[in-house]
2 protein chains.
Amino acid sequence: MRNIALKLMYDGTAYHGWQVQKRDRSVAETLERALSPIVGHVVKLTGAGRTDAGVHAEVYIANFRTNSTIPCDRLPLAVNTRLPADIVVTKASEVPPEFNAISSCLKKEYTYRIYNSRIRNAFLVNRVWFYPKHLDEFIMQKAASYFVGTHDFAAVRSVGTETRTTIRTVHNFTITRTETLIECRVCADGFLYNMARAMVGSCVYAAEEKFHPEDVPRILASKNRTDAGPTAPPQGLYMTKLWYEESYIL
Amino acid sequence: MRNIALKLMYDGTAYHGWQVQKRDRSVAETLERALSPIVGHVVKLTGAGRTDAGVHAEVYIANFRTNSTIPCDRLPLAVNTRLPADIVVTKASEVPPEFNAISSCLKKEYTYRIYNSRIRNAFLVNRVWFYPKHLDEFIMQKAASYFVGTHDFAAVRSVGTETRTTIRTVHNFTITRTETLIECRVCADGFLYNMARAMVGSCVYAAEEKFHPEDVPRILASKNRTDAGPTAPPQGLYMTKLWYEESYIL
């Protein structure tokens, strides 16, 4: 049986996240339904991770198993003609049988975008967190730096998902401003539920002087979600990069 | 009576153009309804020009007359809270009584965006003309150059709007590519109905070798709409710049 990895991008505005939901439309379900008539059987996708309602992916990886003989280079165009325009398959690759989009993933990068201007931007609706009050990106960067390293991240996760451990390693977390756009890029070996958005919310809280950047280690040590900043809204979050072992050429 | 000029931006996807329509929602009507409760009377806006359904504006100017004493610096925030997120007033200025957003306009720039890639982009739905076949931007530029100057543009206008003359002056028309994005910027003293889109469609036709760039002068001379290329779809078109006399500081 072949194991096919798909690289895709999606605007998450119209979807209830990646994962198949009982009631609401999900990206995975939409993609599975578009793939089925092409490969001739019901498709079950494994995604690189859960994304919430309204969260976007510039890059996302998913894999599925099939006996179909369709060449990988023909798959993107075939499936894109059956997909709504806000989900696009950019590449398909045959991968070794043991490849699994989530468990083979070595690290991930999320980018969170804040539009920091008194006046909204009509073209960025559902694409950024519109934040009219000025934020000092240097204070945000100082707070962000304290999240880097191997820590227990229980204080910046929302409950609701089972996990063996709340210890993760944040490899880097950088905040940059280009005029009115603040970009928060965070790379980790894995993310707890809402962890990226709660870390961004905490950096914004530090810029709002609700606590000092130096308080972040104490907040992490407390393991208490209410000590950290709020969860930033979903529409500013994008999955932007995924790393796998070199043997899996995607 | 005060004369107020508004600078605005809008994503035209959800609107039936600028102009007030009988049945469909227009940008002007939406803005007039948001302004009325602020100034305390029915507002009649004069816009810088007609834009079609689905066409966008990064910059647009409109003016209206009022006896309201609201300070101009408070107007944008007041009206934006009453507007849908895809229309944003960025500035309000008091202008001399004789100012009229359309008749005082000296020249206009439109930018047409083509996403020229085999694979769609999920984040550019309704924002570009997705064109999967490769286009040679140098051939397009050559065709574009023949439109520059004072000509009779009857061959690249759609009928339906009354106009005294079909002679216009195109000041410049440049085509640039940045990876998969082709931008066509055209500046003129005025545009006939669908003229910008028909000129872009003609440049694409030249790149498709349906005619030679050198054929453009002959096509213009024919004054025959069917000799030129097709009208490019609306979602790639943006009003991007407007020029007024210096005495009107907007």
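The table below gives the values:
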| item | result |
| --- | --- |
| Per residue, in Å², the accessible surface of the stretch A:55-137 once ligands and nucleic acids are set aside, probe 1.4 Å | 42 Å² |
| Long-range Cα-Cα pairs in chain B (distance over 28 Å), rounded percent | 36 percent |
| Summed buried accessible area for A+B [probe radius 1.4 Å, Å², rounded to 100] | 2000 Å² |
| Environment charge at A:Lys241 (Cβ cut-off 12 Å; Lys +1, Arg +1, Asp -1, Glu -1) | +2 |
| Contact order normalised by residue count of the stretch B:2-104, Cα under 8 Å, 6+ apart, percent | 42 percent |
| The protein assembly as shown - share of DSSP beta bridges that are antiparallel (%, nearest 5) | 90 percent |
| Accessible area (Å², 1.4 Å probe, nearest 10) - A:Cys105 | 20 Å² |
| Equivalent ellipsoid semi-axes, the protein assembly as shown, via Cα gyration tensor eigenvalues times 5, rooted, Å | 45, 33, 18 |
| Candidates B:Tyr131, B:Tyr193, B:Tyr205, ranked by Gaussian network fluctuation over chain B, Cα under 10 Å, top entry | B:Tyr131 |
| Within 10 Å of each Cβ in A:129-135, the average number of Cβ atoms from other chains | 0 |
| Chain B: relative contact order as a whole-number percent, Cα under 8 Å and 6+ apart | 24 percent |
| Peptide-level mean, for B:118-128, of C-beta atoms on other protein chains within 10 Å | 6 |
| Inter-chain shielding of A:76-88 (mean C-beta neighbours from other protein chains, 10 Å cut-off) | 3 |
| Radius of gyration and Dmax over the Cα atoms of the stretch A:2-104, both given in Å | 12.5, 35 |
| Global size of the stretch A:107-241 as Cα Rg and Dmax, reported in angstrom | 14.0, 44 |
| Carbon + sulfur, % of accessible area of the stretch A:106-250 - ligands and nucleic acids excluded, 1.4 Å | 51 percent |
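The values are calculated or read from the model by the stated rules, or taken from the named source; none is laboratory data. Since this is a predicted model, take the numbers as computed values, not measurements. A quick note on method: Cβ atoms are made from the backbone with ideal geometry, for glycine too, and the neighbour counts reach across all protein chains shown. For the accessible areas, the whole protein counts, side chains as well, though only heavy atoms, and no ligand, DNA or RNA atoms are used. Shrake-Rupley method; radii C 1.70, N 1.55, O 1.52, S 1.80 Å.
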